[in-house]
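Trainee: Handing you this structure, nothing more for now.
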Amino acid sequence: MSRPSAFTHTAGPARVLFGRGSLGRVGEEVERLGVRRALVLTTPPQADDGARLAQSLGNLRAGQFAGATMHTPVEVTLEALEVLRRTGADGVVSLGGGSTTGLGKAIAARTGVPQVVVPTTYAGSEVTAVLGETENGVKTTRSGPEILPETVIYDPVLSDTLPVPLSVTSGLNAMAHALEGLYARDGSPIYSVLATEGLKSFRDALPRLLEDGSDQDARDAALYGAWLCGTVLGGVGMSVHHKLCHTLGGRLDLPHAETHSIMLPHTIAYVAGAARTELAPAAQVFGDPIGGALHDFTTSVGAPLRLADLGVTELELDGVADLAVTAPYWSPRPLDRDGIRELLQNAWDGNRPVEAGA
Ligand code: NAD
């Protein structure tokens with residue numbers, strides 16, 4: 001019989017709609033939030049999808065801003081705020097991945113306008129109250145209730161066009177939220193259930209997407225997994241994996257999802273010996289020892305395996321290791337300079353990780 005010990009569980013108040021065709025309900029949800037005129041946000045490559053969505057909103061349409069970009073630069077947010085003001089919009093609809101969601105959050109953080117988010121990747125930002133933005137090349141992070149989107153509409157039809165390589169890395173990015181959620185200090189039995197279910201969804205979906213990117217059952221399962229894993233990210237604190245990816249990404253300007261997928265087997269192997277019980281559900285899904293099993297899984301779905309392939313030079317690894325241990329944070333296995341340097345070397349080489357003590 002499973003008997004949880006004492007725990008505290010806090011959940012975000014977001015409203016979630018899931019299902020093929022649910023994009024058609026954006027207008028209804030915009031109205032439900034009391035928004036009279038909504039500004040549709042996208043990246044430049046998704047501008048046409050945004051234009052179609054804006055068109056479908058009829059009288060609820062204020063306009064479109066198709067300038068969302070990576071790392072949520074403040075200058076782009078200021079441009080979008082000007083469009084918001086000029087069009088008289090009192091709400092935003094963010095259609096896209098984490099970059100577009102980030103822009104919507106940045107606008108909401110400054111104006112308090114409600115957000116409807118329609119995610120088209122598996123990043124999970126839509127269910128977190130965290131905003132990361134950059135100004136003059138410096139990334140800052142803040143959180144607050146006004147940042148958490150009010151409504152999320154998951155329509156798997158929109159993810160059908162997500163290129164398979166990005167589907168794989170984005171899915172592994174989502175899995176990282178779940179894996180770290182399992183050993184989070186502020187975890188709860190409910191988040192562990194969500195995390196395990198999310199991991200199973202991606203274990204089943206990613207190999208099928210590799211075979212056929214238009215496999216609808218696999219697309220549905222992956223987007224469902226994205227919601228579950230994102231909810232874990234929004235509910236509990238992340239640890240060594242996310243921090244190391246942020247250190248690497250911030251210092252060397254690396255692509256988000258690829259960095260997460262390369263690092264995942266190595267960071268999990270680093271903590272596995274210290275969090276064996278907490279990671280047991282993941283080992284049941286992927287195999288034991290979990291770090292090596294994740295390496296086998298990422299290899300089987302064609303994910304990038306080597307930091308070297310992202311243009312990182314071996315000489316840069318020392319600096320990243322130094323930086324990672326200068327601002328210590330909680331991890332099931334405390335961060336030590338040599339251990340982190342070794343982890344980075346393995347990730348640079350693309351080796352199958354071996355757990356400490358294994
Ligand atoms: P992204 O939003 O940058 O999208 C990558 C590219 O894929 C873009 O060009 C986009 O237009 C395109 N794209 C997206 N969906 C598509 C689709 N269905 N079909 C075709 N093209 C599509 O990438 P991402 O990985 O979703 O987001 C990464 C960003 O999100 C990072 O800046 C990261 O820091 C942030 N993020 C924040 C949180 C949070 O909680 N604050 C969580 C996760 C990620």
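The values are calculated or read from the model by the stated rules, or taken from the named source; none is laboratory data. Only a predicted model underlies this, so the values are computations on that prediction, with no experimental measurement involved. Here the Cβ is made from the backbone with ideal geometry for all residues, glycine too, and neighbour counts use every protein chain on show. Accessible surface is based on the protein model in full, side chains and every heavy atom, while ligands, DNA and RNA are left aside. Shrake-Rupley method; radii C 1.70, N 1.55, O 1.52, S 1.80 Å.
Trainee: Within a Cβ distance under 15 Å of Asn351, other residues only, what is the Lys/Arg minus Asp/Glu net charge?
Mentor: Working: positive: Arg306, Arg341, Arg352; negative: Asp296, Asp309, Glu314, Glu342, Asp349, Glu355.
Around Asn351, the surrounding residues sum to -3.
Trainee: With springs only between Cα atoms under 10 Å apart, run a GNM on the chain and tell me which of Glu150, Glu278, Glu28 wobbles the most.
Mentor: Of the options given, Glu28 has the highest mean-square fluctuation.
Trainee: Would you mind computing, in nm to one decimal, how far apart the modelled labels at Val74 and Thr313 are, each placed 7 Å from Cα along Cα→Cβ?
Mentor: 3.1 nm
Trainee: As I understand it, the dipole of the stretch 164-349 uses +1 on the Cβ of Lys and Arg and -1 on the Cβ of Asp and Glu, about the Cα centre. Which of Gly250, Leu210, Leu335 lies farthest toward its positive end?
Mentor: About the Cα centre, the residue reaching furthest to the positive side is Leu335.
Trainee: Follow-up question, since we're still on this one. Can you classify the stretch 257-358 as rounded, prolate or oblate using the Cα gyration tensor, where a ≥ b ≥ c are the square roots of its eigenvalues, rounded means a/c under 1.5, and otherwise it's prolate if a/b beats b/c and oblate if not?
Mentor: Numbers: a/c = 2.13, a/b = 1.16, b/c = 1.83.
Taking the square roots of the gyration eigenvalues as a ≥ b ≥ c, the stretch 257-358 is oblate.
Trainee: Under the 0.36 nm per residue contour assumption, what length would be gained going from the current alpha-carbon distance of Val138 and Tyr329 to full extension? Numbers along the way, then the final one.
Mentor: Numbers: separation 191, 0.36 × 191 = 68.76 nm, distance 2.02 nm.
Going from the current span to full extension adds 66.7 nm.
Trainee: Under a 1.4 Å probe, what is the accessible area of the stretch 15-159 per residue, stated in Å²? List each step's numbers first, then the result.
Mentor: Values: 5860 Å² over 145 residues.
Dividing the accessible area of the stretch 15-159 by its residue count gives 40 Å².
Trainee: Ordering Thr134, Thr313, Thr151 from largest to smallest accessible area (1.4 angstrom probe), what's the sequence?
Mentor: On the way: Thr134 25, Thr313 65, Thr151 0 Å².
Descending order: Thr313, Thr134, Thr151.
Trainee: Also, quick follow-up: Of the accessible area of the chain, with the probe set at 1.4 angstrom, what percent is carbon plus sulfur? Before the final figure, lay out the partial values.
Mentor: Values: 7800 of 15100 Å².
Summing carbon and sulfur atoms, their accessible area is 52 percent of the total for the chain.
Trainee: Another question, if that's okay. Straight distance only, please: which aspartates and glutamates reach the Cα of Lys105 with their own Cα at less than 15 Å, same-chain residues fewer than 8 apart left out?
Mentor: Output for Lys105: Glu75, Glu79, Asp90, Glu126, Glu133, Glu146, Glu150.
Trainee: Further question: Calculate the FRET efficiency for Thr8 and Ala283 from the Cβ-Cβ distance with a Förster distance of 30 Å, rounded to the nearest 0.05.
Mentor: Numbers: r = 26 Å, r/R0 = 0.86.
Between Thr8 and Ala283 the formula returns 0.70.
Trainee: Hey, any idea what the orientation-averaged projected area of the convex hull of the chain's Cα atoms comes to, in nm²? Numbers along the way, then the final one.
Mentor: Values: hull surface 69.0 nm².
That works out to 17.2 nm².
Trainee: For the chain, what does the helix formula give at 222 nm: sum of -39500 (n - 2.57) over DSSP H segments with n ≥ 4, over the residue count, nearest 500 deg cm²/dmol?
Mentor: Numbers: 14 runs with 187 residues, N = 358.
-16500 deg cm²/dmol, from helical runs alone.
Trainee: Right, something else. Within the chain, what percent of beta bridges assigned by DSSP are antiparallel, to the nearest 5?
Mentor: Values: 6 of 26 bridges.
Beta bridges within the chain, antiparallel portion: roughly 25 percent.
Trainee: Next up: Just from the alpha-carbon atoms, what are the Rg and Dmax of the stretch 3-102 in angstroms?
Mentor: 16.0, 56
Trainee: While we're on this one: Could you state the accessible area per residue of the stretch 164-349 in Å², with a 1.4 Å probe and every protein chain left in place? Mind dumping the intermediate values first?
Mentor: Numbers: 6960 Å² over 186 residues.
Dividing the accessible area of the stretch 164-349 by its residue count gives 37 Å².
Trainee: Highest mean first, what order results for 155-162, 100-107 on Cβ atoms within 10 Å?
Mentor: Result, highest mean Cβ count within 10 Å first: 100-107, 155-162.
Trainee: Would you please classify the overall shape of the stretch 193-292 from the alpha carbon gyration tensor, given that a ≥ b ≥ c denote the square roots of the eigenvalues, rounded means a/c under 1.5, and beyond that prolate means a/b larger than b/c while oblate covers the rest?
Mentor: Values: a/c = 1.65, a/b = 1.22, b/c = 1.35.
Taking the square roots of the gyration eigenvalues as a ≥ b ≥ c, the stretch 193-292 is oblate.
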